[in-house]
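Heads up: the structure comes next, in structure tokens.
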Amino acid sequence: MTDTETRVARVAAPRESRRRRPGGGGPRAGTIVAFLTPFFLPFVLFYLVPVGYAIWQSFRVVRRSGGQYGTSYTTWGGFEQYGQVFQNSEFWSSIERIGLFGIVQVPVMLFVALIMALLLDTPLLKIKAFFRISAFMPYAVPGVIAAIMWSYLYSPQLSPVVDLLQGIGLHPDFLGPGAVLWSAANVSTWLWTGYNMLIMYSALQSIPQEIYEAAKLDGAGNWAIAWQIKVPIIAPSIVLTTVFSIIGTLQLYAEPAVLRQISSNISSTFTPNMLAYAVASGNNYQQAAAISVVIALITFVLSFGFMRLTSKRAGL
Amino acid sequence: MRNTASRVRLAAAAAAASILVLAGCSSSDHSGSSSAASCEPAKGKVTLQYWNTVPGMDKVVDVWNKQNPDIQVQIKNISNDQYGTISNALKAGKAPDLAQVGYDELPNLRTQNAFVDASACSAATAAKSKFVPWTWSQTSFGGTGVFAFPQDTGPMALYVRSDLFKQHGLTVPTTWDEYAADAQKLHTADPKLTMTFFDPNNAEWFNGLLWQNSAEMYSYSGDKWHVSIESDQSKQVADYWQKLIDDKLVRTDLANGSTQMYAAYQKNQIASYVGAAWGYSMFRDNLPSQAGKWSIVPMPTWGSSAASGDWGGSTVAFMKGSKNLYESVKFNTWLNTDPQALALENKLGGLYSAATAGTQLPALSQGVPYYNNEKIFDVFAESSKNIDTSFSWGPTQKTVNLSLQDAMAKAAAGDGTLSDALSTAQATALKSMKDLAIPAEAGK
């Protein structure tokens with residue numbers, strides 16, 4: 001009783017208690033600081049500062065004084081860099097490209113993940129642990145490595161898959177202008193389906209068994225249980241994985257960047273992130289910062305927009 | 001102005017604190033001057049930092065370190081993202097004393113104030129006589145400053161699969177017209193065999209071809225850069241390769257130096273290679289089973305007079321902030337002119353020296369076993385002499401190259417032409433310079 005009372009009192013009037021007993025409040029504040037510092041220090045150093053720096057840089061422009069090579073300095077430029085970004089046709093075509101990528105890849109990946117999660121959750125499947133691990137395995141492979149691996153499978157010079165397909169009279173060009181976007185999508189799907197499946201599967205695990213028993217008593221079959229009970233209950237996880245996927249799509253970099261090594265059909269401005277990188281490597285850091293900020297804003301609007309759109313329906 | 005600033009700060013409340021913090025240090029924008037470098041020998045032992053990308057360079061440096069206990073050199077390989085590493089180090093104020101920089105990147109880094117002018121050291125200006133003239137003028141930007149020492153060059157030549165040429169009764173081409181005719185004959189005889197490949201992702205290579213045809217892409221006069229990437233000379237080269245691509249006489253699906261490229265050569269699918277001097281060790285090391293089948297001949301020419309281009313090669317630059325300029329000059333001179341160092345670099349790293357002494361190395365006057373004991377370096381030496389010495393690179397070359405590559409890839413895929421790619425590159429050059437406040441205009 002007394003314990004709860006003091007806690008309530010402290011929560012209600014923390015300032016007062018601290019003011020009254022600085023000695024007594026000190027260690028507690030110290031504890032809070034001690035526990036929070038390990039989080040806040042890196043958070044400020046490696047998150048807030050770089051983000052702030054990028055925003056700051058995006059409002060600056062390079063000027064130069066004198067001569068053939070001159071001396072450069074940066075100065076305040078207002079929204080000049082943003083104007084450049086919005087006028088840049090490469091930027092818009094990269095946005096369009098990953099828009100198309102996301103509209104196709106995200107639903108396909110999440111649908112497959114959902115089916116796999118539902119299958120794992122049925123008593124039909126006996127060796128669950130094995131399937132759970134093997135489906136999750138690609139996620140343990142770093143994206144760059146996965147892309148390198150797939151690039152060997154796509155490459156007509158080296159791939160046993162292409163050889164095999166040619167053997168039966170097919171001549172696929174995985175790296176051609178029309179196909180390469182989907183080859184990159186395939187790598188992403190391979191990498192992330194297991195991860196999304198695991199999130200959905202965890203949600204399925206937390207559904208109490210009584211619900212299924214009740215449903216069965218009401219005469220529901222396995223299909224009905226899956227689509228009318230399980231899926232609506234785990235809808236919040238599906239929304240969550242969709243938001244993750246939207247963010248991931250807008251940040252797409254590693255897969256196309258690696259495939260670019262072997263396919264000239266991936267330009268240096270294929271995705272918005274690749275464009276930002278190309279601009280930065282041309283020493284136009286301010287412009288690259290503005291591109292990054294715009295990508296971040298679009299990501300923010302799309303992911304929160306999706307959450308708001310679905311929150312009512314998903315019962316969040 | 002201030003109003004917009006505060007509005008942004010309000011909107012980004014979380015980031016506001018860091019913006020204010022950073023606003024304080026924004027005056028650290030690099031505004032270095034490259035003047036008044038002093039050239040005093042250090043008192044006591046010195047350790048130099050040297051960043052490079054050449055295989056085997058650690059062994060060369062070992063030789064130096066043994067002979068010079070007072071000037072020790074620490075080496076770091078930056079092959080992975082060479083210029084990103086250098087740029088980041090510059091921004092952080094932690095650049096090494098010396099770094100390897102390609103000729104085409106020199107103007108770019110110069111506009112970032114990356115170098116220190118070593119002409120304060122008499123030994124640096126005296127080194128001029130030791131290098132092939134055009135390489136020196138690229139590192140001194142045609143002026144009196146000394147910002148880097150040339151290390152190696154990539155005089156171009158044609159690598160020929162003699163056995164395949166013989167098998168199909170082809171003569172070794174001396175002009176580009178003959179080369180195209182040979183390519184047509186080869187394709188007619190065996191559609192699976194192509195003359196060479198056009199790598200759309202390799203602007204450096206394409207620039208070498210333009211260089212051969214005296215395409216002066218940049219010049220500086222009247223306080224302005226003049227961009228003429230779309231010149232008649234470069235269009236001639238573009239149209240030529242466009243026709244080879246259209247007629248399917250060259251492949252466009254291979255990247256230079258890729259596993260795929262070696263696989264295609266390994267499978268005898270390609271009969272020649274338009275390459276540079278440093279490529280000799282690539283073929284030797286990656287296709288050992290084709291020893292004796294390759295010959296190296298002069299690159300085909302556009303007219304009757306000999307002309308060649310350069311592809312790649314690089315310099316060892318004096319980086320801004322070096323506190324040991326005297327010692328850096330000393331080491332850099334040894335590294336790039338000493339016969340022992342040059343011989344090792346050629347053997348281990350495949351470097352074709354930019355120093356005139358390099359062409360007189362005993363190893364370079366002998367036949368090379370892989371190439372049927374032919375004296376291939378004689379071909380490169382001749383090529384080197386025929387390189388247009390007035391060619392210069394632009395200050396935003398990397399951006400221009402990326403844009404050129406993207407457009408070349410489109411052309412190779414049937415969307416536009418290589419000539420269009422030149423127009424794209426021209427526009428990119430002008431815009432990228434404008435973005436970095438470098439005064440530029442089109443034409444001469």
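Where a number appears in this text, it was derived from the coordinates with a stated rule and is not lab data. Everything numeric here is computed off the predicted structure, so don't read it as measured data. In this analysis, Cβ positions are derived from the backbone assuming ideal geometry, glycine residues included, and neighbour counts consider all displayed protein chains.
Values computed for the structure shown
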quantity	calculated
Semi-axis lengths (Å, descending) of the ellipsoid that matches the C-alpha gyration tensor of segment A:166-206	33, 13, 5
Share of pairwise Cα separations in segment B:166-208, more than 16 Å, in percent	46
Under the Karplus curve 6.51 cos²θ - 1.76 cosθ + 1.60, θ = phi - 60°, whole-Hz ³J(HN,Hα) for segment A:243-258, x wherever Gly or Pro sits	4, 4, 5, 4, 4, x, 5, 5, 9, 3, 8, 4, 4, x, 5, 6
Label-to-label distance, nm, for residues given as B:ALA189 and A:LEU153 (7 Å Cα→Cβ offset)	4.0
Equivalent ellipsoid semi-axes, chain B, via Cα gyration tensor eigenvalues times 5, rooted, Å	39, 30, 20
Point-to-point label distance, A:GLU96-A:VAL44, nm (Cα→Cβ direction, 7 Å offset)	4.5
Taking chain B and dividing mean pair separation by its residue count, relative contact order in percent (alpha carbons under 8 Å, at least six apart)	25
Translational D in µm²/s for chain A (Stokes-Einstein at 4 °C, 1.567 mPa s, Kirkwood Rh from C-alpha pairs)	54
Amide hydrogen neighbours beyond the local backbone of B:PHE318, cut-off 5 Å, H modeled	B:VAL116, B:ALA148, B:PHE149
A:ASP173/A:LEU119 FRET efficiency (R0 51 Å; Cβ-Cβ; nearest 0.05)	0.95
Radius of gyration, Dmax [segment B:214-274; alpha carbons; angstrom]	17.0, 54
At R0 = 56 Å, FRET efficiency that the Cβ-Cβ distance of A:VAL161 and B:SER38 yields, to 0.05	0.35
Lysine pairs with alpha-carbon atoms under 23 Å apart, segment B:307-444, spacing 8 or more or separate chains	13
Debye log10 I(q)/I(0) for segment B:287-444, one point scatterer per Cα, at q = 0.12 Å⁻¹	-0.84
Pair-distance profile P(r), taking every C-alpha pair of the protein assembly as shown, with 10 angstrom steps and integer %	2, 11, 19, 21, 19, 13, 8, 4, 2, 0, 0
Distance between modelled label sites at A:ALA220 and B:ALA92, nm, 7 Å Cα→Cβ extension	5.7
Normalised alpha carbon radius of gyration of segment A:174-316 [divisor 2.2 N^0.38 Å]	1.40
Segment B:173-251: translational diffusion in µm²/s, Stokes-Einstein, Kirkwood Rh over Cα pairs, 25 °C, 0.890 mPa s	175
Long-range lysine pairs (8 or more apart or interchain), chain A, Cα under 20 Å	4
Per-residue Cβ neighbour rank within 10 angstrom, fewest leading, A:VAL106, A:VAL33	A:VAL33, A:VAL106
